[in-house]
1. Need a quick list: helices (runs of 4 or more DSSP H) entirely within region 137-233 having at least 1 residues that are in contact with a His (Cβ under 9 Å, 6 or more places away or on another chain) and within 15 Å of the ligand (Cβ to nearest atom).
2. Identify all residues within region 198-230 that are of a type outside the set (Val, Ile, Thr) and surrounded by fewer than 24 Cβ atoms within 10 Å (Cβ to Cβ); write none if there are none.
3. In region 187-215, which residues are over 22 Å from Phe115 (Cβ atoms) and under 12 Å from the mean Cα position of the chain (by Cα)?
4. From the list Ala31, Ala36, which one is within 16 Å of the ligand (Cβ to nearest atom) and in contact (Cβ under 8 Å) with a residue 60 or more places away in the chain?
5. Condition check: of a type in the set (Ser, Thr, Tyr), farther than 29 Å from Asn181 by Cβ and more than 16 Å from the ligand (Cβ to nearest atom). Does Ser91 satisfy that?
6. Of Gly282, Gly291, Gly303, Gly318, which residue is in contact with a strand residue (DSSP E or B) (Cβ under 7 Å, 6 or more places away or on another chain) and modelled with pLDDT of 95 or more?
7. Mind counting the residues in region 103-124 that are outside any helix (DSSP H, G or I) and within 25 Å of the chain's Cα centre (by Cα)?
8. Go through region 244-296 and give me each residue that's closer than 27 Å to Ile46 by Cβ and either among the hydrophobic types (A, V, I, L, M, F, W, C) or not assigned by TED's automatic domain parsing to the domain that holds His213 (or both).
Amino acid sequence: MPVTAQIAFDVEKVRKEFPLLQTSMNGKPIAFLDSAASSQKPHQVIDAITTYYREKNANVHRGVYQLSQEATTAFENARERARSFINAPASKEVIFVRGCTEGINLVASTFGKRFLKEGNEVLVSGMEHHSNIVPWQMACEDRGARLRVIPVNDRGELIMEEFERLLTDKVKIVAVTHVSNTLGTINPVAEIIAKAHEKGIPVLVDGAQAIPHMKVDVQELDADFYTFSGHKMFGPTGIGVLYGKEKWLNEMPPYQGGGEMIETVTFEKTTYNELPHKFEAGTPDIAGAVGLEAAIEYIQSIGYEAIHRHEAELLAYGAHQLQQIEGIRFIGTAREKASVISFLVEGIHPYDLGTILDKLGIAVRTGHHCTQPLMERFCIPGTVRASLAFYNNKNDIDRLVEGVRRAVAMLK
Ligand code: PMP
């Protein structure tokens, strides 16, 4: 192996850059294992936001004065950085949204209005987050269309034969998650997109859980829409990206009306601004965009290769250590998996387990993880989910394993 192939990754050095990882919870140093819900932020992101408010704050696209122009430049630079991050062809195809949820709602609502008719179908999967189910359900209800679901096998993988069977001419759009927040499954989205495109059907990919872990190239995937949230990728809350191919975005009506999204307004008629502003009504989250840019820079400074290597090692270690605990059952054992470990211990409610772990300073998520239909598929009330980021270390895993052992001893 060439010497350059292994980029040095020092997890302890990285951890020092995250102020919150230095704190404690219930009097114990925090073991933060809930990054799939929201990740922690490095000081580079926090500083970028503070600097923006201290030195550049003004509204964008409106002022002739220097400060406003600087804010506009900062905002548009962030868009350009987001574009190159996902290799979108043009920055006008990069729309700033509040997060993944808003990105999906935008597409479901406006694509739905333009393209969905009575008798049409929308195809989602059985492992979707509620935010990639409910907006489509609402659009279907509105348009008289029907929601169909690609089923999931016992390992927590999509059943691709069923996908192909469901991919009929009635389907007007496919909406699938790249990585499952509950199971960690990495879905074969490139294959899904290629199969859908053979029939001229566009695909929206929910990238909320992929972007913190893997390089995403929307052109290589040939995704029609790809959306993700800043807060799950070490950036701020309240900002996210919706990438959409220009040909679709041009056809879709605006999502919200207001300032920014117009070209001319009279009481008789309004004409709309060009992309991406057509979909960005009102004052955007400028500081959020600046923070997102800092998060992108931060990820790139570490590199997805190093992130993947470290997380894969932790995932394998965690799964192996937890496996030793009697009565443990893993939910989600896909062959292609990101660093999420969902599990149950026989006879113990996930909530009780999570509560004891909290007292030990270990932050995990318990419950249905906004995937109730998936819980129903596995006939379970919920799981305990430990989700890892590159800033986790073996000590976090050891504490989780020890914590689960102690909880089991107390609860059984
Ligand atoms: N999709 C997936 C797979 C998610 O995990 C989440 C967040 N848990 C969302 C969508 C929604 O993201 P947000 O709440 O940031 O809009």
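1. 189-198
2. Within region 198-230, the first condition is being of a type outside the set (Val, Ile, Thr), and the residues that meet it are 198-200, 202, 204, 206-210, 212-215, 217, 219-226, 228-230.
Glu198, Lys199, Gly200, Pro202, Ala210, Met214, Lys215, Asp217, Gln219, Glu220, Leu221, Asp222, listed by residue number.
3. Ala208, Gln209, Ala210, Ile211, Pro212, His213, Met214
4. So the residue among Ala31, Ala36 that is within 16 Å of the ligand (Cβ to nearest atom) and in contact (Cβ under 8 Å) with a residue 60 or more places away in the chain is Ala36.
5. In short, no.
6. Values: Gly282 fails: in contact with a strand residue (DSSP E or B) (Cβ under 7 Å, 6 or more places away or on another chain); Gly291 fails: in contact with a strand residue (DSSP E or B) (Cβ under 7 Å, 6 or more places away or on another chain); Gly303 fails: in contact with a strand residue (DSSP E or B) (Cβ under 7 Å, 6 or more places away or on another chain).
Every option except Gly318 fails the conditions.
7. Final tally of qualifying residues: 4.
8. Ile286, Ala287, Ala289, Val290, Leu292, Ala294, Ala295, Ile296
The values are calculated or read from the model by the stated rules, or taken from the named source; none is laboratory data. What you are looking at is a predicted structure, and each value in this text was computed from that prediction instead of being measured. A quick note on method: Cβ atoms are made from the backbone with ideal geometry, for glycine too, and the neighbour counts reach across all protein chains shown.
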